[in-house]
Every structure is written in C-alpha cells, then in structure tokens.
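Peer 1: Before anything else, here's the structure in question.
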Amino acid sequence: MSAIHLQNLVKKFGDFAALKTMDLEIADGEFMALLGPSGCGKSTTMNMIAGMEEPTSGKILFGERDMAGVPMGRRGVGFVFQNYAIFTHMTVRQNLAYGPKMRGTAKAEIDRRVGAIAEMLQLSPLLDRKADRLSVNILQRVAIGRSAIMEPAIFLLDEPLSNVDAAFRAVMRTELKQLQRQFRQTMVYVTHDQLEAMTMADRIAVMDHGVLQQVGTPLEVYNNPANVFVARFIGAPGMNLLKGRPAQSDRGLVIDLGPLGVTPPLSDDLASAVRAVRGDVLYGFRPEQVTLAERGLSMPVSFVERIGARTIVHLGEGESAVKAVFENDVGLSVRQTAVVAPPASSVRVFDADTGLAVRAG
Amino acid sequence: MSALTATILEDKMDARTKSVAPDEGARLGFRLTLPAQILVLFISAFPLLMQLYISVTDWSPLSGVGWWNAWEMWNSFANYTDLAADTRFWSALQRTAIVMLVCVPAEFLLGLALATLFADDFPGKRIFYSILLMPMMVVPAVAGYMFFMLFQSGGPVNDILSRLVGTPVTIAWLSDPNLALIAVMIADIWQWTPLMFLILLAGLVGVPEDQMKAATLLGANAWQRFTTIVLPKMKTIIIIALAIRVIENFKIFDTLYIMTGGGPGVATETISVYIYKVTTQDLIWGYVAAIALAILIVLSIVAVYAMKRMAKSREVPA
C-alpha cells in the first residue's frame, strides 16, 4: 500500500541532468536512506517523491497508484525539512493542529489528536510555547509531529540532523529510529552522513552524480561495495584501493602492485573471477581489517592519528597511500616501516577500467 | 512628518530616562550625545512651542509687530473656539477622511495584489517592474498637470469612454463636485500604489519559502496559505506601509491643488488646501497655527497607535 516504486526516473534542469536515471523499490514500512555527496541527486529524488518537482520522465508509484500530476498536498506524504520549517509565528499546538485544521477536521477531533501526538513525542508541557523559542531537538519533534498527525503512509526526511551539533546528533539518531519503530511508516531519509544512514536505515541507496550506485543493507554496502565509488564513500576512512595487475605465483593468483611488490594470494573463489578481467585491477581492503604480519605489503609510516579508541596509521604516499586502523594503540611511529596484510577473506577486487567490483563466482 | 519625529523623540527620551545606569560608560555616552540631543530637541520643540504661542494670538505677518511680541495680540483661545465652530474646517476634515478611507485601502489592496503577482517569476517581469515604479518618481505637480489634462471634458479619459460606449461621452470630471473628488482620488491611487507595492513586495519575499511548502504539504490551499502564513508574517510591514500612507495621504495637497485648486467651490478642499488658503489668502496665522496643532494631535494619535501595534507584533517576530 505504501511501498514506493521509482521507475526510470529522470530529472533535468535545462541541460543539467540532476538525476540521470533511477530505479528503486522501497518496501512498505522500510527505512530507506538515500546517501551521497552533495549534488548527487538525492534531494531531487526526494522532492519528486513529495511532488515538489515533476520528473522529466519516468514514473513514481505509491503502491499501485501512479503519482503523475498528483499535487503535493494530496500525496499523503509527511515531509521533515532540513531546517524543520516550523511556523514560527504560531505555538507548538497551532503547529501540530495545522494539517487537520486546513482539512476542516472537527475541533474536538483536532484536540484529541494533538493531545495524543504531543503525549507520544513528549511535547505536552510545551504545547502553548511560541515556536520561535524552542531548542533544535524540540523543533525536530514538532516537525515530525506536525507531519505524523496526518498519519501519512510515507515519511520523507531531508537531512534533518545536519543543523545539529555532533553530540546531539547521536541522541537524535536513536530518537528518530525509535519514532520510526512506533509509526511503522515507510521512511525515506536523505543524508550525506554515512553514520546516520548506517545506524538508522534498513537499506541504503548510495547515489553519485545523478546515478544510483548500489542498494543494500548497511552491512552489504560496507562489506561488498558494488563499485569504486561506494568502496571509497562508505567507511571512515574509506576502502584502500591499490592499482595493480593480476599475476600468477606459485602460491596462487596475486596482484602485482609494481614498486610495492606483490600482494598475498587471493582466495580461490576471487582468483577465478579476477582471471577473467583483462587489464589493470584495483586491490581493495578495509583499513579496519589490516593486521601487521610477517609477510605482506611493506610500507613506510607517514602519519599516525591517535583518537583514543582507534589509531589511524597513514602508510606510503600518493597513488599508493594506504590507511590502517588499529584498536586503541599500535606500536608504530613515523618513518618506521610497517608490514601489513589484509586477511584474504576481506580483500575486494575492482576492475580498474569500469570501476565495478569483481565478484567471486 | 513632524508628528512622527515628535513620537520618536518621546520614545527616545523615555528610553533614556529608563536606561541611564549609574555606570561610568553610560554617563560618558550621555554627555557625548548631549549636544546632538539638544539640537534635535531644539529643532522639534522650538517650532512646536512657537506654534503653540502664536495659536493663542491674532498675530499675522502684516500685524506690524515681530512674532515674539505676539502676546500683545492675545485673544484668549478665540482661535480654538472659532475652530470648533468652523464648518468649513470640519467639512474639510471629513473630506480628507473620506479620501484617506478610499485611497489607502485601494492602494493597499492593489499593491498587495501586484506584490503577490511579482513574488513569482514571469516573462518580462523586470520591464513591468520598472514601468510599475514610474508613477512614484513623477513629481506630484507634474502628475497633477497630467491628470488635469486627462480629465478635461474633451480629454483622453472621455475619449476612451466614448469609444467603449459607442456614443460621445462628455463628462465634466473636474467641474462636477462629486466627480472631481473621484478624479483626485484616482490620481492619488495611481501615484502611490507603487510605494505600497514596493514595501509589500519586500515583506512578501521575506516569507520563508519552506514554511510555505510545509503548509502546502499539510494540505493548505492557496487562500489558506495566504491567511495563515503570509499575512501573519507580514503584519509588521503591513502596519508600517499603512501608517506611512495614512499620514502622507492625510496631507494630500500638490496633485490635488493643481487638478482642482480645491474646487469646484470647496468640493475637493482637504485640510492642507484649507490651511494653504487661510495662510496665503486670509493671512490669519494665529488661526492657522491652531489648525495645524489640531491636526498634529490627530496624526500623533495615528502614529502612536501604529507604533504600539508594531511593538506588539514584534513580540511575535515573523
């Protein structure tokens, strides 16, 4: 009923294609995050779902219903704006009551619903406060409540945490996730912050330059990025990618990284897939999965960042720079040489020409 | 504008007496601004006191004594009792009120409609914008001559009407007592709608776009958005626009005087025209001072009311 289907969606502003093509299925009750850097087309996609913009071509369906030509006031979507767009000249109560009032709901019914939603969002003591003197976490709850009172089947959130300082963001992430569990609506959440996407979403749609790069659960996207963009974008720091050429050694298929030497042998599954690639490949591994080893890639330490729980070690430089993340501390300092090796199971290989992941058979 | 300055001054003095702190910085600030304060006080208080003084005498420039000796012609408030019984004054005041009650709302509604239109983009917007602002830049005297020509019985207005109706129209716009007032009001609306438009457009552009979108998403139609979001957000600016026009319109003179000279008879004689005639033709300045003071009191009441409303609406900032 409240599933969202985006089919061949295209949006052009003059000559500029904000969204080149987009096919996405969002299931009923799912929390989908649209994740990407600014200008990737995620907000455009969201605005088209809300009906603020008409697609240049393609279809948007809510369940079975085609949304073409349905004005935004009639789509039954709740929308939480980046700056919340609270009506500052009204009280919290008037903000919450706005939607039902505009639709001519009876006074008693409005009061009942405002009371219920305020109770749920812990806004009851603030109902008669002017909305221009509220803190940002309360503004967010008012924004959510104002939409939720309409009981929309679909909830759209446009970077609702980007104006909030870091400490507060963590609190609000949990709060939002709990709210979604309560409401059980289909939620589409636009963000450029992967932490928000990873922690809250059921599935993440990663976008770049108006193209959908990958759709998957947070762990799928993290563990098996579909291409080089996703590999670099997801994770902090992103995946290490070293250019090289597959080569056969007596221990199995390895990647010849030129001056860095050769990698440890690939796993058998991956090796057979890599053999099919013509030309250069990118040898990828997560910084968090690096271990110090006897044999492996020997690289000079160029910088060490200690941030308490973790230590990030920068190795090598330029094209062959690699980051390694260790828990708490590691006995490495600048100008030492480290020998690092990723476990064979965590290695990912990408085709250097197409940027696509080479998947084990 | 003297009414406005007077109330602003009052406000200033009010604030000063309240905020003088026993702190050295504030005292220094007070001493530094004292010359300017005295100057401002002198500029606004001196003419007022002089006016008050003359208004209780029979003094005129031709009376042969300097104004400072006007006490010799003390007439024990006769000017004020005369004024209360002066039917020409009261009907001029009434006429001024009628002009104001027609012109200001008309200018406001037209200005608001135009501002709403210009808040969105449409082809040729910049050209229309320039054309629309032109009347405001025409010297009122020139506008007066222009409308004087337009409303002649053989003039363009009747000419256009003739073409529309099909038979020759020869309405004597400026010599019919009722029509003359209408013609004068049309000229005022033509000239001052652009100012209203400009102020209201500034307010309209300041209405946050995403709050409008949020209202739309919550199901508000265009009229509901206008009444629940746009108007409340524009309250302060609407009060300012109306106050400016009420005060200015009350003093309507130049365009009107050139079009009709206050006539036919006294059919378009507003307060300013009446004062002008009493000053230049009858030369009884003591009486003029009394009238001017009465008007100052009326306008001050308007200005103070507007400022009170503004202060009130500022408690709920847009």
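Peer 1: With B:Ile275, B:Ile297, B:Ile301 as the choices, which residue is surrounded by 18 or more Cβ atoms within 10 Å (Cβ to Cβ) and of a type in the set (A, V, I, L, M)? Reasoning before the result, please.
Peer 2: On the way: B:Ile297 fails: surrounded by 18 or more Cβ atoms within 10 Å (Cβ to Cβ); B:Ile301 fails: surrounded by 18 or more Cβ atoms within 10 Å (Cβ to Cβ).
Step by step, each of B:Ile275, B:Ile297, B:Ile301 is checked, and only B:Ile275 is surrounded by 18 or more Cβ atoms within 10 Å (Cβ to Cβ) and of a type in the set (A, V, I, L, M).
Peer 1: Quick check on the range A:42-59. Is at least one of its residues free of Cβ contacts under 8 Å to residues at least 40 places away in the same chain, farther than 30 Å from B:Lys233 by Cα and aliphatic (A, V, I, L, M)?
Peer 2: Scanning the range A:42-59, I find no residue that is free of Cβ contacts under 8 Å to residues at least 40 places away in the same chain, farther than 30 Å from B:Lys233 by Cα and aliphatic (A, V, I, L, M), so the answer is no.
Peer 1: Can you pull out every residue in the range A:208-239 that is touching a Leu at 6+ places or on another chain (Cβ under 6 Å) and under 30 Å from A:Gly76 (Cβ atoms)?
Peer 2: Initial filter on the range A:208-239 (touching a Leu at 6+ places or on another chain (Cβ under 6 Å)): A:210, A:227.
If the condition is that a residue be touching a Leu at 6+ places or on another chain (Cβ under 6 Å) and under 30 Å from A:Gly76 (Cβ atoms), then A:Gly210 is the only one that fits.
Peer 1: Name the residues in the range A:172-230 that are aliphatic (A, V, I, L, M), more than 21 Å from A:Val136 (Cβ to Cβ) and either touching a Pro at 6+ places or on another chain (Cβ under 8 Å) or free of Cβ contacts under 8 Å to residues at least 24 places away in the same chain (or both), would you?
Peer 2: Initially, the range A:172-230 is screened for residues aliphatic (A, V, I, L, M), giving A:172, A:176, A:179, A:187-188, A:190, A:195, A:197-198, A:200-201, A:204-207, A:211-212, A:215, A:219, A:221, A:226, A:228, A:230.
Filter once more, keeping what is more than 21 Å from A:Val136 (Cβ to Cβ): A:188, A:198, A:201, A:204-207, A:211-212, A:215, A:219, A:221, A:226, A:228, A:230.
Scanning the range A:172-230 gives A:Met198, A:Ala201, A:Ile204, A:Leu219, A:Val221.
Peer 1: While we're here: Within the range B:167-175, does at least one residue satisfy the condition of being within 14 Å of chain A (Cβ to nearest Cβ) and surrounded by 17 or more Cβ atoms within 10 Å (Cβ to Cβ)?
Peer 2: Step one: filter the range B:167-175 for residues within 14 Å of chain A (Cβ to nearest Cβ), giving none.
No, the conditions are met nowhere in the range B:167-175.
Peer 1: Considering the range A:315-361 alone, what residues qualify as being farther than 15 Å from A:Met239 by Cβ, in a strand (DSSP E or B) and without any contact (Cβ under 8 Å) to a residue 40 or more places away in the chain?
Peer 2: Across the range A:315-361, the qualifying residues are A:Phe326, A:Glu327, A:Thr337.
Peer 1: Tell me, yes or no, whether the range B:147-166 has at least one residue that is farther than 30 Å from B:Ile258 by Cα and at pLDDT below 90.
Peer 2: The initial filter retains those residues of the range B:147-166 that are farther than 30 Å from B:Ile258 by Cα, namely B:166.
Now drop any that are not at pLDDT below 90, which leaves B:166.
For the range B:147-166, residues farther than 30 Å from B:Ile258 by Cα and at pLDDT below 90: present.
Peer 1: Take the range B:237-265 and flag every residue that is in a helix (DSSP H, G or I), farther than 17 Å from B:Cys103 by Cα and either within 11 Å of chain A (Cβ to nearest Cβ) or without any contact (Cβ under 8 Å) to a residue 60 or more places away in the chain (or both). It would help to see each step written out before you state the result.
Peer 2: At the first step, the residues of the range B:237-265 found to be in a helix (DSSP H, G or I) are B:237-250, B:254-260.
Still in the running and farther than 17 Å from B:Cys103 by Cα: B:237, B:258, B:260.
Within the range B:237-265, just B:Ile237 meets the criteria.
Peer 1: Counting only residues that are within 7 Å of chain A (Cβ to nearest Cβ) and over 22 Å from A:Leu156 (Cα atoms), how many does the range B:208-234 have?
Peer 2: Summing the residues that are within 7 Å of chain A (Cβ to nearest Cβ) and over 22 Å from A:Leu156 (Cα atoms) in the range B:208-234 gives 4.
Peer 1: Enumerate the pairs (first residue in the range A:23-37 and touching a residue at least 60 places away in the same chain (Cβ under 8 Å) and under 22 Å from A:Glu151 (Cα atoms); second residue anywhere and among the basic types (Lys, Arg) and in a strand (DSSP E or B)) with beta-carbon separation below 9 Å, excluding pairs fewer than 6 apart on the same chain, so at least 6 apart or on different chains.
Peer 2: If the second residue must be among the basic types (Lys, Arg) and in a strand (DSSP E or B), the pairs left are A:Ile26/A:Arg203; A:Ala27/A:Arg203; A:Glu30/A:Arg203; A:Phe31/A:Arg203; A:Met32/A:Arg203; A:Ala33/A:Arg203.
Peer 1: Can you tell me which residues in the range A:295-331 are surrounded by 15 or more Cβ atoms within 10 Å (Cβ to Cβ) and farther than 22 Å from A:Pro259 by Cα?
Peer 2: Result: A:Val304, A:Arg310, A:Thr311, A:Ile312, A:Val325, A:Phe326, A:Val330.
Peer 1: Which one of the conditions (1) in a helix (DSSP H, G or I); (2) buried (at least 18 other Cβ atoms within 10 Å of the Cβ) does B:Phe226 fail to meet, given that it meets all the rest?
Peer 2: Every listed condition holds for B:Phe226 apart from (2).
Peer 1: Confirm whether A:Val277 is farther than 21 Å from A:Pro225 by Cβ, of a type in the set (A, V, I, L, M) and touching an Asp or Glu at 6+ places or on another chain (Cβ under 9 Å).
Peer 2: Values: farther than 21 Å from A:Pro225 by Cβ: no; of a type in the set (A, V, I, L, M): yes; touching an Asp or Glu at 6+ places or on another chain (Cβ under 9 Å): yes.
It is false that A:Val277 is farther than 21 Å from A:Pro225 by Cβ, of a type in the set (A, V, I, L, M) and touching an Asp or Glu at 6+ places or on another chain (Cβ under 9 Å).
Peer 1: Could you go through the range A:220-236 and let me know if any residue there is in a strand (DSSP E or B) and modelled with pLDDT of 90 or more.
Peer 2: Yes: one or more hits.
Peer 1: Among the residues of the range A:34-55, is any within 9 Å of chain B (Cβ to nearest Cβ) and in contact with a Ser or Thr (Cβ under 6 Å, 6 or more places away or on another chain)? Give the steps one after another, and end with the answer.
Peer 2: Here is the first cut: in the range A:34-55, the ones within 9 Å of chain B (Cβ to nearest Cβ) are A:50-52.
Now drop any that are not in contact with a Ser or Thr (Cβ under 6 Å, 6 or more places away or on another chain), which leaves none.
Checking the range A:34-55: not a single residue is within 9 Å of chain B (Cβ to nearest Cβ) and in contact with a Ser or Thr (Cβ under 6 Å, 6 or more places away or on another chain).
Peer 1: In addition: Based on this model, can you work out whether A:Pro71 counts as of a type outside the set (Val, Ile, Thr) and within 14 Å of another protein chain (Cβ to nearest Cβ)? If you could, list the steps in order and put the result at the bottom.
Peer 2: On the way: of a type outside the set (Val, Ile, Thr): yes; within 14 Å of another protein chain (Cβ to nearest Cβ): yes.
Criteria met by A:Pro71.
Peer 1: Looking only at the range A:75-119, count every residue that is within 13 Å of chain B (Cβ to nearest Cβ) and not in a helix (DSSP H, G or I) and tell me the total.
Peer 2: Qualifying residue count, the range A:75-119: 20.
Peer 1: With B:Phe118, B:Phe128, B:Phe108 as the choices, which residue is under 24 Å from B:Phe226 (Cβ atoms), over 24 Å from the mean Cα position of the chain (by Cα) and crowded, with 18+ Cβ neighbours inside 10 Å? So that I can check it myself, show each step before the final result.
Peer 2: Numbers: B:Phe128 fails: crowded, with 18+ Cβ neighbours inside 10 Å; B:Phe108 fails: over 24 Å from the mean Cα position of the chain (by Cα).
Of the residues listed, the single one that is under 24 Å from B:Phe226 (Cβ atoms), over 24 Å from the mean Cα position of the chain (by Cα) and crowded, with 18+ Cβ neighbours inside 10 Å is B:Phe118.
Peer 1: Just checking, how many residues over the range A:120-178 are surrounded by 14 or more Cβ atoms within 10 Å (Cβ to Cβ), part of a helix (DSSP H, G or I) and within 13 Å of chain B (Cβ to nearest Cβ)?
Peer 2: Result for the range A:120-178: 10.
Peer 1: If I filter the range A:284-295 for residues that are part of a loop (DSSP other than H, G, I, E, B), modelled with pLDDT of 90 or more and in the same structural domain as A:Ser333 (by TED's automatic domain parsing), do I get at least one hit? Quick ask: steps written out before the conclusion?
Peer 2: If we filter the range A:284-295 for residues that are part of a loop (DSSP other than H, G, I, E, B), which is where we start, we get A:286, A:290.
Imposing the further condition that a residue be modelled with pLDDT of 90 or more reduces the set to A:286.
Narrowing further to those that are in the same structural domain as A:Ser333 (by TED's automatic domain parsing): A:286.
Checked the range A:284-295: at least one residue is part of a loop (DSSP other than H, G, I, E, B), modelled with pLDDT of 90 or more and in the same structural domain as A:Ser333 (by TED's automatic domain parsing).
Residues are listed down the side, and each one gets a yes or a no for (1) assigned to a helix (DSSP H, G or I); (2) in contact with a strand residue (DSSP E or B) (Cβ under 8 Å, 6 or more places away or on another chain); (3) at pLDDT below 85; (4) surrounded by 15 or more Cβ atoms within 10 Å (Cβ to Cβ):
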| site | (1), (2), (3), (4) |
| --- | --- |
| B:Leu41 | yes, no, no, no |
| B:Leu49 | yes, no, no, no |
| B:Tyr53 | yes, no, no, yes |
| B:Trp59 | no, no, yes, yes |
| B:Val65 | no, no, yes, no |
| B:Ala70 | yes, yes, yes, yes |
| B:Ser76 | no, no, yes, no |
| B:Ala84 | yes, no, yes, no |
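The values are calculated or read from the model by the stated rules, or taken from the named source; none is laboratory data. Every value quoted in this text rests on a predicted model; they were computed, and no experiment measured them. So basically every Cβ, Gly included, is an ideal-geometry build from the backbone, and we count neighbours across all protein chains shown.
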